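What follows is a set of notes on a single structure, which appears directly below.
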Amino acid sequence: MPRFAGPASFMRLPSRSAPADLDVAVVGVPLDIGTSNRPGARYGPRSIRAESVLIRPYNMATGAAPFDSLRIDDSGDVAVNPYNLDDSISRIESHYEELLSDDVITVSIGGDHTIALPILRAMAAKHGPVGVVHVDAHTDINDSMFGEQIAHGTPFRRAVEEGLLDCERVVQIGVRGTGYAADDFNWSRQQGFRVVQAEECWHRSLDPLMAEVRDQVGGGPVYLSFDIDGLDPAFAAGTGTPEIGGLTTIQGLEIIRGCRGLDLVGVDLVEVSPAYDTSGNTALLGANLLYEMLCVLPGVEPRG
Ligand code: MN
Ligand code: MN
């Protein structure tokens with residue numbers, strides 16, 4: 001079968017297995033009504049799946065071949081309610097609770113970043129408070145947005161309040177840009193998070209940083225949440241809230257590859273908005289980053 005043909009799933013994976021027979025479930029979460037600026041991330045899962053057909057199964061750089069050692073399905077999308085954010089959040093939470101009852105690792109395709117809250121609720125219900133590697137231009141710790149508690153700029157604030165995070169094992173990488181007050185970054189630090197601003201990443205390899213991150217967040221379950229806007233708009237223009245001066249594609253790869261060895265219990269790639277992705281490159285990048293995440297999941301050993 002040529003790569004451009006076959007099932008329209010992520011990397012043309014099967015989608016028929018019962019969760020009990022899986023190690024990993026790829027899940028689309030086509031939600032974008034938590035977005036504050038440019039909308040469109042509801043089409044992220046479809047667009048990322050379309051571009052994912054270009055990816056081959058063997059990782060030439062790391063030797064990982066995730067499909068050799070893990071049973072991975074694309075288990076489809078969460079049926080979100082496009083008219084009701086609160087209802088959507090509870091639907092996402094139940095969907096993940098159901099999946100986690102079968103001990104799968106979830107690989108989520110957003111959707112805007114609001115989806116991290118219900119997913120983290122399900123993760124913490126199963127594993128207890130989790131460590132987080134959070135890549136983003138934004139800290140997403142607003143107290144509220146337009147008076148709303150649930151939005152794509154608030155999930156990590158709510159997660160802290162709800163006790164879902166092991167705050168000393170949380171790192172936020174790539175944050176930058178303009179804000180309303182210094183508190184945007186300092187609140188995170190006051191909770192015990194490590195905050196690595198984009199400027200600290202400029203012009204350098206992130207391999208040394210990731211060695212420190214593994215020391216900080218290891219020793220317990222870890223969730224990796226990757227907002228595509230953590231990367232520079234030169235590489236990832238197709239997103240809702242772009243910020244200049246961001247990470248490079250190479251640094252994104254260093255971060256994900258640097259998560260190898262952590263006890264990853266779930267990962268996501270959020271905020272791809274295809275309407276602003278005129279070349280399809282942002283979705284292609286998102287698909288490749290998701291593949292790289294599969295390559296560092298527990299149980300994947302380099303081949304050869
Ligand atoms: Mn975000
Ligand atoms: Mn962001």
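Among the residues of region 151-163 satisfying the criterion of being more than 9 Å from ligand 1 (Cβ to nearest atom) and within 28 Å of Pro233 (Cα to Cα), which is most open to solvent (accessible area, probe 1.4 Å)? Before the answer, list the steps.
Step one: list which residues in region 151-163 are more than 9 Å from ligand 1 (Cβ to nearest atom), which gives 151, 154, 157-163.
Checking the rest, the ones that are also within 28 Å of Pro233 (Cα to Cα) come to 151, 154, 157-159.
Working: Ala151: 9, Thr154: 2, Arg157: 35, Arg158: 11, Ala159: 0 Å².
For region 151-163, the residue satisfying everything is Arg157.
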| query | Would you say Glu200 is open to solvent by 10 Å² or more (accessible area, probe 1.4 Å) and more than 20 Å from Ala124 (Cα to Cα)? | reply | yes
| Subset of region 217-242 that is near ligand 2 (Cβ under 10 Å from one of its atoms) and more than 19 Å from Met293 (Cβ to Cβ) - its residue that is surrounded by the most Cβ atoms within 10 Å (Cβ to Cβ) | Gly240
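State whether one or more residues within region 43-57 are assigned to a helix (DSSP H, G or I), within 16 Å of ligand 2 (Cβ to nearest atom) and buried (at least 18 other Cβ atoms within 10 Å of the Cβ). Before you say what the answer is, go through the steps one by one.
Applying the first criterion (assigned to a helix (DSSP H, G or I)) to region 43-57 yields 43-54.
Imposing the further condition that a residue be within 16 Å of ligand 2 (Cβ to nearest atom) reduces the set to 44.
Filter once more, keeping what is buried (at least 18 other Cβ atoms within 10 Å of the Cβ): 44.
Yes, region 43-57 contains a residue that is assigned to a helix (DSSP H, G or I), within 16 Å of ligand 2 (Cβ to nearest atom) and buried (at least 18 other Cβ atoms within 10 Å of the Cβ).
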| What do you reckon, is Val195 open to solvent by less than 30 Å² (accessible area, probe 1.4 Å), of a type outside the set (Gly, Ala, Ser) and within 30 Å of Leu22 (Cβ to Cβ)? | no
| request: Report those helices (runs of 4 or more DSSP H) wholly inside region 205-304 carrying at least 1 residues which are touching a Phe, Trp or Tyr at 6+ places or on another chain (Cβ under 8 Å) and within 16 Å of ligand 1 (Cβ to nearest atom). | output: 249-257, 281-295
| Does at least one position in region 68-78 carry a residue that is aliphatic (A, V, I, L, M), in a loop (DSSP other than H, G, I, E, B) and open to solvent by 30 Å² or more (accessible area, probe 1.4 Å)? | no
| message | For region 150-191, give me the residue count where each residue is closer than 28 Å to Ser88 by Cα, part of a strand (DSSP E or B) and either of a type in the set (D, E, K, R) or modelled with pLDDT under 95 (or both). | response | 1
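Kindly check whether there is at least one residue in region 117-137 that is in a helix (DSSP H, G or I) and within 13 Å of ligand 2 (Cβ to nearest atom). Walk me through it before giving the result.
Residues of region 117-137 that are in a helix (DSSP H, G or I), as a first pass: 117-127.
When the remaining residues are screened for being within 13 Å of ligand 2 (Cβ to nearest atom), the result is none.
So far as region 117-137 goes, no, none of its residues is in a helix (DSSP H, G or I) and within 13 Å of ligand 2 (Cβ to nearest atom).
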| Where residues in region 115-150 are under 27 Å from Glu200 (Cβ atoms) and polar (S, T, N, Q), which of them is least open to solvent (accessible area, probe 1.4 Å)? | Thr139
| said: For region 185-216, which positions are more than 16 Å from ligand 2 (Cβ to nearest atom) and among the small types (Gly, Ala, Ser)? | reply: Gly192, Ser205, Ala211
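Just to be sure before I move on: is Tyr83 among the aromatic types (Phe, Trp, Tyr), open to solvent by less than 60 Å² (accessible area, probe 1.4 Å) and modelled with pLDDT of 95 or more in the structure I sent?
Working: among the aromatic types (Phe, Trp, Tyr): yes; open to solvent by less than 60 Å² (accessible area, probe 1.4 Å): no; modelled with pLDDT of 95 or more: yes.
In short, no.
The values are calculated or read from the model by the stated rules, or taken from the named source; none is laboratory data. Given the structure is predicted, the values throughout are model-derived calculations rather than measurements. As a convention, Cβ positions derive from the backbone with ideal geometry for all residues, glycine included, and neighbour counts pool all protein chains shown. Surface areas here come from the heavy atoms of the whole protein model, side chains and all, with no ligands, DNA or RNA. Shrake-Rupley method; radii C 1.70, N 1.55, O 1.52, S 1.80 Å.
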